[in-house]
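A quick write-up on the structure given underneath.
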Amino acid sequence: MESTIFEYMGKYDYENVFLCQDRSVGLRAVIAIHDTTLGPATGGCRMWTYASEGAAIEDAMRLAKGMTYKYAAAGVNLGGGKVVVMGDPRTEKTEALFRSLGRFINRLGGIYITGEDVGTTLREMEYMRMETPYVITLPASWGGAGPISPATALGVVEAMQAALEQAYGSDTLAGRTVAVQGLGMVGYEAVRILREAGATVYAGDIDAAKVRRVVEEYGAIPVEDPNRMHALDVDVYCPCALGATINDQTIEELRCKVVAGSANNQLHEERHGDRLQEKGIWYAPDYVANAGGTIYDTDRLLPGGMNHERAMENVRRIRETTREVLRIARTEGIPTYRAADRYAERRIAQVAKAKALRAASDVQMR
Ligand code: NAD
């Protein structure tokens, strides 16, 4: 971190950073709360072998801010937060450690809600849930939403259609060519939806069995080198594997008119988003396109609890959101990743104003 923690907090308007230590179980964790204008700060629990305490704090803060934008753009009434646990997820995960973390989260009284992230699984969520109700991602048997990847895949395709509309004047998938890179939980579902809608799908994965499966089940066209999928002559490049696949090496090789996928942090650096704009490629910003799982997962916080139909309807609204983000980009002449941030910031500002009005009327009624 180049600046002090307080300077960094001030620069990006962070609300809190909590350090949690329980030596009896080897817990060292950082809970960062970025913004609670829309609701309790929510975001997953990451466990990682950080090089330093500073690196852990910085990661927690950076990820918390990302969640503020993700929820705001998704139309979900939650703020942005994150917890990172310092340690090796392969060897240092214990029930005691996560129950201790659960107790720290409980102490915060609901201003922070946790979930799964890199290095944690539903098992750790169960441990934390034993100590606190403030856990969003849980197995269905524990009251959670169950698998969220189908919702993520649907959201990606909705975002893709909004971008196709911009690029070609039509959102129809029939007859379009799409390269789906990564056939895991999201990519597999995306292939199914795209094929059912009549698109031609090129499919690649480092795992040959996953490629065979979508070829056999959905008639996808196998791609031999999964790392060269960006360069295929297709309408859409759909990255559903790793982040940073839009980088100095790949960007000049893109032949598509649309980039829409589920991978997080698709742009290696922001300047790659600027370059996509210059090249006339419509990029559906990652955190807008991949919010379906989050929308689905958090539906159970809405009135009446989990409602599958309502959740999927809200996931489909990713199309409208993407359309609006692309409209902002077009009318303001800015890259789409910046337009997404603007869209999110505007929603937060508007809700803050509505809340202030409500607070004012509360005072008058007393
Ligand atoms: P996953 O682990 O199930 O699937 C990833 C797939 O990518 C695997 O099949 C893996 O073999 C493949 N892969 C790895 N390296 C590759 C390469 N170089 N080329 C081609 N394929 C490669 O993960 P997932 O849940 O399907 O998520 C996919 C991406 O979407 C991830 O970046 C994830 O962070 C992001 N995402 C997922 C969700 C969700 O609901 N699961 C939500 C938001 C974002």
### Query
Looking at region 115-149, which of its residues are without any contact (Cβ under 8 Å) to a residue 60 or more places away in the chain and under 30 Å from Arg195 (Cα atoms)?
Pro139, Ala140, Gly146, Pro147
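Could you list all residues from region 329-346 that are open to solvent by less than 40 Å² (accessible area, probe 1.4 Å) and assigned to a helix (DSSP H, G or I)?
Residues of region 329-346 open to solvent by less than 40 Å² (accessible area, probe 1.4 Å): 329, 334-337, 339-340, 344.
Those that are open to solvent by less than 40 Å² (accessible area, probe 1.4 Å) and assigned to a helix (DSSP H, G or I): Ala329, Thr336, Tyr337, Ala339, Ala340, Ala344.
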### Task
Filter region 288-306 down to residues that are within 13 Å of the ligand (Cβ to nearest atom) and either open to solvent by 40 Å² or more (accessible area, probe 1.4 Å) or charged (D, E, K, R) (or both), then give me how many there are.
1
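Considering only region 268-325, state which residues are part of a helix (DSSP H, G or I), of a type in the set (Ser, Thr, Tyr) and under 19 Å from Gln249 (Cβ atoms). Spell out the reasoning first.
The initial filter retains those residues of region 268-325 that are part of a helix (DSSP H, G or I), namely 270-278, 286-289, 292-301, 308-316, 318-325.
Within this subset, residues satisfying the condition of being of a type in the set (Ser, Thr, Tyr) are 287, 294, 296, 298, 321-322.
Answer for region 268-325, where residues must be part of a helix (DSSP H, G or I), of a type in the set (Ser, Thr, Tyr) and under 19 Å from Gln249 (Cβ atoms): there is none.
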### Summary
Exactly one of Ala32, Ala72, Ala55, Ala41 is open to solvent by less than 20 Å² (accessible area, probe 1.4 Å), within 18 Å of Ser3 (Cα to Cα) and of a type in the set (Gly, Ala, Ser), and that residue is Ala32
#### Entry: Candidate set from region 127-136 (those that are crowded, with 19+ Cβ neighbours inside 10 Å and more than 16 Å from the ligand (Cβ to nearest atom)); member that is nearest to the chain's Cα centre (by Cα)
Val135
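Please work out if Ala96 is under 25 Å from Asn265 (Cα atoms) and either of a type in the set (Gly, Ala, Ser) or not in a loop (DSSP other than H, G, I, E, B) (or both).
The answer is no for Ala96.
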### Task
Kindly list the number of the only condition in (1) in contact with a strand residue (DSSP E or B) (Cβ under 9 Å, 6 or more places away or on another chain); (2) surrounded by fewer than 20 Cβ atoms within 10 Å (Cβ to Cβ) that fails for Thr245.
(2)
### Failed item, numbered, when Arg255 is tested on (1) within 13 Å of the ligand (Cβ to nearest atom); (2) open to solvent by 10 Å² or more (accessible area, probe 1.4 Å)
(1)
### Query
Does Leu63 qualify as being modelled with pLDDT under 95, surrounded by 16 or more Cβ atoms within 10 Å (Cβ to Cβ), among the aliphatic types (A, V, I, L, M) and over 30 Å from Ile328 (Cα atoms)?
no
### Task
Can you work out which of the residues in region 260-276 that are within 14 Å of the ligand (Cβ to nearest atom) and among the aliphatic types (A, V, I, L, M) is most open to solvent (accessible area, probe 1.4 Å)?
Leu267
### Query
Taking region 98-135 as the region of interest, how many residues are in contact with a strand residue (DSSP E or B) (Cβ under 9 Å, 6 or more places away or on another chain), more than 26 Å from Glu15 (Cα to Cα) and of a type in the set (A, V, I, L, M, F, W, C)?
1
### Query
Quick one: Asp13 ticks every box in (1) touching a residue at least 24 places away in the same chain (Cβ under 8 Å); (2) out of contact with any Leu (no Cβ under 7 Å at 6 or more places or on another chain); (3) surrounded by fewer than 17 Cβ atoms within 10 Å (Cβ to Cβ) bar one, so which box is it?
(1)
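The values are calculated or read from the model by the stated rules, or taken from the named source; none is laboratory data. Since the structure is predicted, the reported quantities are computational estimates derived from the model, not experimental observations. No Cβ is skipped: glycine too gets one built from the backbone with ideal geometry, and neighbour counts run over all protein chains shown. Note: areas computed on protein heavy atoms with side chains; ligands, DNA, RNA excluded. Shrake-Rupley method; radii C 1.70, N 1.55, O 1.52, S 1.80 Å.
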